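Let me begin by presenting the structure, written as structure tokens, before commenting on it.
The values are calculated or read from the model by the stated rules, or taken from the named source; none is laboratory data. A quick note: this is a predicted structure, and the numbers were derived from the prediction, not measured. FYI the Cβ positions are ideal-geometry reconstructions off the backbone, even for glycines, and counts take in every protein chain you see.
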Ligand SMILES: Cc1cc2nc3c(=O)[nH]c(=O)nc-3n(C[C@H](O)[C@H](O)[C@H](O)COP(=O)(O)OP(=O)(O)OC[C@H]3O[C@@H](n4cnc5c(N)ncnc54)[C@H](O)[C@@H]3O)c2cc1C
């Protein structure tokens, strides 16, 4: 049994602590904010059983250009700030080649397969069932042509990976969602994902389970980390091993130890709305790249990626477009918050999370870089990390790319 400090109390850090406990280790989590209050709070809340392929870029230059120019609201890019992210984006584009995808997809698929069962066990043990819907989400399309392309792709995913879905045509969708004010072409109903009514609260509930099982939280600054003899000290605590699970902040800490972690910073925004929308489950508006998630705080509109460096935008155009479209479809009501929330997906160009021990610092473990799917994959890679720390190095095979 080792004394281990986990830095970061997002979905990834809290699940790490729970997995280490299950492997018999004594664990402390250090964060300067309460559990689940950053990226793991602000996401769309989908445990994405259907996301069986890594989140790659289109390799066709024309499609890429259309995307960069705002096609489907998928990306926002201030060209003046492109320079600061261009090496990472170039590396991401290279990793999106068919040959690289063939290499990494089987591992990614395996990770995603484990997500719902692992969350299910934690939801049951922590008593968080009231925060979870188990009936998937809609991927809606405005045109017949768009819907038909999506159905073909869903059928391919079903053939290749066994992902379940149903198709709702325009009428079936209108019957299932009577609150819709406009006629849509139809939707894919991804039936396997689970969705969450309050993502931050789910993490906080998992954190209470960790405490109930004897774990401890310490409020402190992860940047106080230093080596002490054969172990580590941080925030007034000593440990034999330390796990960096600081999500988008992880590369900054590792830089102070001489490591370079290229990370694509994919900012996202959300805002809640008060309206009596009537949606029965979350809805991805595929032609506008926003997710409408019914949550305890209201209907959350969550955006795709803003790749611009620097401070978050006060009036993000992706959210504005999402709001306009959502208003045409549903009774949206008024914004709950005075300003949109913003956070950063910690995305590594190789598209896989990083789960490994640091090369030059024994006892320093890395666990971050889950990009678009950290809410989904937190408990999955946490289990692999805990197995690796217990000596099963095969458990993290393939998850070691992306650090120098
Ligand atoms: C708009 C949006 C929608 C998304 N939708 C989904 C989705 O539907 N499904 C999905 O699976 N994923 C989704 N994601 C991605 C997902 O939210 C992230 O991958 C995940 O939350 C990352 O978790 P984490 O624990 O690594 O990071 P975080 O949750 O950010 O946790 C990092 C922790 O480190 C702490 N920290 C940072 N610096 C310090 C310091 N110096 N000292 C102490 N503590 C520190 C922070 O306080 C924080 O608690 C979405 C993301 C966004 C932005």
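For residue 21, indicate whether it is outside any loop (DSSP other than H, G, I, E, B) and touching a residue at least 24 places away in the same chain (Cβ under 8 Å). Yes: the conditions hold for residue 21. Could you name every one of the strands (runs of 3 or more DSSP E) located completely within the range 231-296 that has at least 1 residues being within 11 Å of the ligand (Cβ to nearest atom) and in contact with a helix residue (DSSP H, G or I) (Cβ under 6 Å, 6 or more places away or on another chain)? Result: 231-234, 241-244, 264-273, 290-295. Criterion applied to 17, 44 was being buried (at least 22 other Cβ atoms within 10 Å of the Cβ) and more than 16 Å from the chain's Cα centre (by Cα), and the one residue passing it is 17. Listed by position, the strands (runs of 3 or more DSSP E) inside the range 328-404 whose residues that are away from the ligand (no atom under 15 Å from the Cβ) and touching a residue at least 60 places away in the same chain (Cβ under 8 Å) number at least 1 are 364-368. All of 305, 309 fail the test of being modelled with pLDDT under 95 and closer than 30 Å to residue 181 by Cβ, apart from 305.
Of (1) buried (at least 19 other Cβ atoms within 10 Å of the Cβ); (2) free of Cβ contacts under 8 Å to residues at least 40 places away in the same chain, residue 198 satisfies all except one. Which? Every listed condition holds for residue 198 apart from (2). It is to be established whether one or more residues within the range 32-40 are in a strand (DSSP E or B) and surrounded by 23 or more Cβ atoms within 10 Å (Cβ to Cβ). For the range 32-40, residues in a strand (DSSP E or B) and surrounded by 23 or more Cβ atoms within 10 Å (Cβ to Cβ): absent.
Taking the criterion of being within 16 Å of residue 194 (Cα to Cα) and more than 6 Å from the ligand (Cβ to nearest atom), no residue of the range 23-40 qualifies. Name the residue, out of 74, 51, that is within 16 Å of the ligand (Cβ to nearest atom) and under 14 Å from the mean Cα position of the chain (by Cα). Going through 74, 51 in turn, the sole match is 51. Would you confirm whether any residue within the range 2-18 is away from the ligand (no atom under 16 Å from the Cβ), closer than 21 Å to residue 390 by Cα and at pLDDT below 95? Scanning the range 2-18, I find at least one residue that is away from the ligand (no atom under 16 Å from the Cβ), closer than 21 Å to residue 390 by Cα and at pLDDT below 95, so the answer is yes. Name the residue that is modelled with the lowest pLDDT, counting only residues in the range 254-265 that are on the phi < 0 side of the Ramachandran plot and surrounded by fewer than 21 Cβ atoms within 10 Å (Cβ to Cβ). If we take residues in the range 254-265 being on the phi < 0 side of the Ramachandran plot and surrounded by fewer than 21 Cβ atoms within 10 Å (Cβ to Cβ), then 265 is modelled with the lowest pLDDT.
Within the range 108-129, residues that are in a helix (DSSP H, G or I) have Cβ atoms under 8 Å from residues that are exposed (fewer than 14 other Cβ atoms within 10 Å of the Cβ) and modelled with pLDDT of 95 or more in these pairs: 123/129, counting only partners at least 6 apart in sequence or on another chain.
When you scan the range 109-116, do you find a residue that is in contact with a strand residue (DSSP E or B) (Cβ under 9 Å, 6 or more places away or on another chain) and within 16 Å of the ligand (Cβ to nearest atom), even just one? Yes, because at least one residue in the range 109-116 is in contact with a strand residue (DSSP E or B) (Cβ under 9 Å, 6 or more places away or on another chain) and within 16 Å of the ligand (Cβ to nearest atom). Being more than 8 Å from the ligand (Cβ to nearest atom) and within 22 Å of residue 402 (Cβ to Cβ), is that true of even one residue in the range 199-220? No, the conditions are met nowhere in the range 199-220. Checked against the criterion of being under 17 Å from residue 292 (Cβ atoms) and assigned to a helix (DSSP H, G or I), the candidates 202, 180, 173, 184 yield just one match: 173.
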